[in-house]
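The values are calculated or read from the model by the stated rules, or taken from the named source; none is laboratory data. The shown structure was predicted, so the numbers you read here are calculated from the model rather than taken from an experiment. Don't worry about glycine lacking a Cβ; one is built from the backbone with ideal geometry, like all the others, and counts go over all protein chains shown.
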């Protein structure tokens with residue numbers, strides 16, 4: 001699905017993004033744990049979207065070592081809270097340390113260990129400004145259904161990896177979001193593709 005021009009665009013987006021020592025350290029931890037973090041361009045885009053929506057409540061699927069979480073927190077309102085879910089508590093401990101190193105109080109992030117599709121149903125309806133999904137592509141349809149329930153009208157859902165794999169589940173997700181009557185979508189050529197949609 002992706003081509004040379006799109007990869008060049010992604011490389012330019014990564015080069016444009018400026019990252020500090022905190023993000024660089026989180027990336028190092030992610031690579032050491034063989035968990036792929038969002039690209040610098042994707043991280044900058046997530047920060048932009050959180051800022052553009054003046055996000056106070058954000059849900060994240062896939063904490064990792066905190067790369068995307070730091071980006072989201074930096075774009076959110078000063079009183080915003082990130083709720084982030086991951087099946088690996090050890091990675092979440094590293095993410096919590098990264099959030100602290102970035103200057104965020106412990107109350108700014110709620111880290112919940114467990115499978116996303118077990119945790120998300122426990123979160124409140126229509127209370128989130130942004131949902132970022134970077135979990136198992138095979139579960140993306142379930143993530144979308146939960147995201148639409150969690151988001152307030154005008155909220156944004158984002159999926160990482162929309163261009164990178166080409167798996168049947170990813171192709172189905174891209175098509176479903178494009179054709180959904182309640183979503184205004186865009187497929188952004190940053191990283192492995194960031195699929196974003198606003199809930200009407």
Among the residues of segment 174-193, is any over 18 Å from residue 46 (Cβ atoms), outside any strand (DSSP E or B), within 17 Å of the chain's Cα centre (by Cα) and free of Cβ contacts under 8 Å to residues at least 24 places away in the same chain?
yes
For segment 124-166: of the residues being more than 22 Å from residue 194 (Cβ to Cβ) and in contact with a strand residue (DSSP E or B) (Cβ under 7 Å, 6 or more places away or on another chain), which is surrounded by the fewest Cβ atoms within 10 Å (Cβ to Cβ)?
126
Check 145, 124 and return the single one that is over 13 Å from the mean Cα position of the chain (by Cα) and free of Cβ contacts under 8 Å to residues at least 24 places away in the same chain.
145
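To keep it simple, each residue is scored yes or no on (1) crowded, with 21+ Cβ neighbours inside 10 Å; (2) within 21 Å of residue 156 (Cβ to Cβ); (3) under 16 Å from the mean Cα position of the chain (by Cα).
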site: 12; (1), (2), (3): no, no, no
site: 26; (1), (2), (3): yes, no, yes
site: 38; (1), (2), (3): yes, yes, yes
site: 64; (1), (2), (3): yes, yes, yes
site: 67; (1), (2), (3): yes, yes, yes
site: 72; (1), (2), (3): yes, yes, yes
site: 81; (1), (2), (3): no, yes, yes
site: 93; (1), (2), (3): no, no, no
Considering only segment 98-139, state which residues are assigned to a helix (DSSP H, G or I), modelled with pLDDT of 95 or more, touching a helix residue (DSSP H, G or I) at 6+ places or on another chain (Cβ under 9 Å) and more than 18 Å from residue 66 (Cβ to Cβ).
117, 120, 121, 139
